[in-house]
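Just so it is clear, none of the values below were taken in a lab; they were calculated from the coordinates. Just so we're clear, the structure is a prediction, and the values are computed from it rather than from any experiment. Here the Cβ is made from the backbone with ideal geometry for all residues, glycine too, and neighbour counts use every protein chain on show.
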Amino acid sequence: MTNRQLIVMRHSKAEAFAANDHDRELTDRGRLDARDAGQHLADTGRVPDHALVSSAARAVSTWRAVAEASGSTADAVVDDAVYGGSADVVLEALRTVPEDAETVIFVGHNPTAASLAHDLEDGHGDPTVLQAMLSGYATSAFAVFQVEVPWAELASETGRIVDFYVGRA
């Protein structure tokens, strides 16, 4: 059994409009909710040591707030491909995570985050936690998976859900 954990997070609440979708920033509530999510990660001993983040302003700002609140010092890999990419694109990017990373966070968008989380679940996770995830992937929500395979082998049904949390300040 490994200590590998993957956190699949949807960015926090963002402004409705900007010059373009990529530049939409977090609202005040979004920043507070992201900090709450980060505090939950710290409280549960799940401080990320590696981050894969969409290049959209709202995802980068979500990561910064989560990192600050959780105490994470991980440098984020900010990736344009995962901004508009499917769950398969994100999975491919996650397969390049350094093998010594133990707690990895992906911060992105829906429907990709929810799709990835549903795809990763191996069917043996906590039923209550799984039901919470299936009830909706709100802004600032994240699912935590225990991962037993090397990052390079991450695929469908290779994670077991152990936590689902929606950051709300």
Notebook entry, point to check: Using the Cα gyration tensor of the chain, with a ≥ b ≥ c the square roots of its eigenvalues, what is the shape: rounded (a/c below 1.5), prolate (a/b larger than b/c) or oblate (neither)?
Noted result: rounded
Note to self: Explain nothing, just the number: dipole magnitude of segment 27-71 about its Cα centre with +1 on each Lys and Arg Cβ and -1 on each Asp and Glu Cβ, in debye rounded to the nearest 20.
What the structure shows: 140 debye
Next item on the list: Report, in deg cm²/dmol and to the nearest 500, the calculated mean residue ellipticity at 222 nm for the chain, where each DSSP H run with n ≥ 4 adds -39500 (n - 2.57) and the sum is divided by the residue count.
Entry: -10000 deg cm²/dmol
Check: If you put +1 on each Lys and Arg Cβ and -1 on each Asp and Glu Cβ, how big is the dipole of segment 1-46 around its Cα centre, in Debye rounded to 20?
Finding: 260 debye
Next item on the list: At most 10 other Cβ atoms within 10 Å and a DSSP loop assignment: could you name the GluC sites (Glu not before Pro) in segment 26-127 that fit?
Entry: GLU99
Note to self: Out of all Cα-Cα pairs in segment 1-65, roughly what percent, to the nearest whole number, are more than 13 Å apart?
What the structure shows: 63 percent
Margin query: Pick from PHE145, PHE106, PHE17 the residue whose mean-square fluctuation is largest in a GNM of the chain, springs joining Cα atoms under 10 Å.
Written below: PHE17
Next item on the list: Among SER140, SER86, SER54, determine the one that fluctuates most according to a GNM of the chain built with springs between C-alpha atoms less than 10 Å apart.
Entry: SER86
Check: Using the Cβ atoms and a cut-off under 14 Å, what net charge is assigned to the surroundings of HIS124, where Lys and Arg are +1 and Asp and Glu are -1?
Finding: -4
Notebook entry, point to check: Using the alpha-carbon atoms, what tilt in degrees (0 to 90, nearest 10) does helix 57-70 show relative to the longest principal axis of the chain?
Noted result: 60 degrees
Notebook entry, point to check: Any idea what the dipole of the chain comes to, in debye rounded to 20, about its Cα centre with Lys/Arg Cβ at +1 and Asp/Glu Cβ at -1?
Noted result: 580 debye
